[in-house]
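Down below is the structure, laid out as structure tokens.
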Amino acid sequence: MRSRYSAFATGRVDHVFRTWHPRTRPVDVTPAPGVTWLGLDVLRSVDGGPSDENGTVEFRARFERAGVEQVLHETSRFERRAGRWVYVDGDVA
């Protein structure tokens with residue numbers, strides 16, 4: 001989760017692409033223009049350990065767009081694929 005947030009914040013689209021499950025990944029993963037990421041708080045995680053194949057992470061990510069600070073609150077689902085964790089999808093709160 002933290003690496004994906006950092007990739008979004010620094011514009012590392014290659015990392016965002018590689019860590020998104022191909023089944024759910026959009027064609028274009030380019031970040032929305034005019035968004036500045038301000039911080040990430042991981043609220044909880046369930047599973048996702050060394051012996052797990054699935055896991056969830058609930059987080060709040062603060063960002064600014066057009067001078068207005070906003071918050072993305074999501075519970076994300078991840079799967080282990082070829083030994084690496086990839087983002088599958090999430091529920092926005």
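The numbers here are math on the coordinates, done by the rules we state, and not lab data. In this text, all values refer to a predicted model and were calculated from it rather than measured experimentally. Positions of Cβ are backbone-derived with ideal geometry, glycine not excepted, and every protein chain shown enters the neighbour counts.
What residue, among those in region 2-45 that are of a type in the set (D, E, K, R) and over 26 Å from Ala82 (Cβ atoms), is surrounded by the most Cβ atoms within 10 Å (Cβ to Cβ)? Give the derivation first.
Narrowing region 2-45 to residues of a type in the set (D, E, K, R): 2, 4, 12, 14, 18, 23, 25, 28, 41, 44.
With over 26 Å from Ala82 (Cβ atoms) added as a condition, the list becomes 41, 44.
Working: Asp41: 11, Arg44: 9.
Per the stated criteria, the residue is Asp41.
Evaluating Glu58 against the criteria (1) in contact with a Ser or Thr (Cβ under 7 Å, 6 or more places away or on another chain); (2) of a type outside the set (S, T, N, Q); (3) loosely packed, with under 11 Cβ neighbours inside 10 Å leaves one unmet condition, (3). If the condition is being over 19 Å from Asp91 (Cβ atoms) and of a type in the set (A, V, I, L, M), then region 43-71 contributes Ala66, Val68.
Does at least one position in region 65-78 carry a residue that is charged (D, E, K, R) and on the phi > 0 side of the Ramachandran plot? Outline the logic, then answer.
We begin by selecting, within region 65-78, every residue charged (D, E, K, R); these are 65, 69, 74, 77.
Going one step further and asking which of them are on the phi > 0 side of the Ramachandran plot, we end up with none.
No - not one qualifying residue is present in region 65-78.
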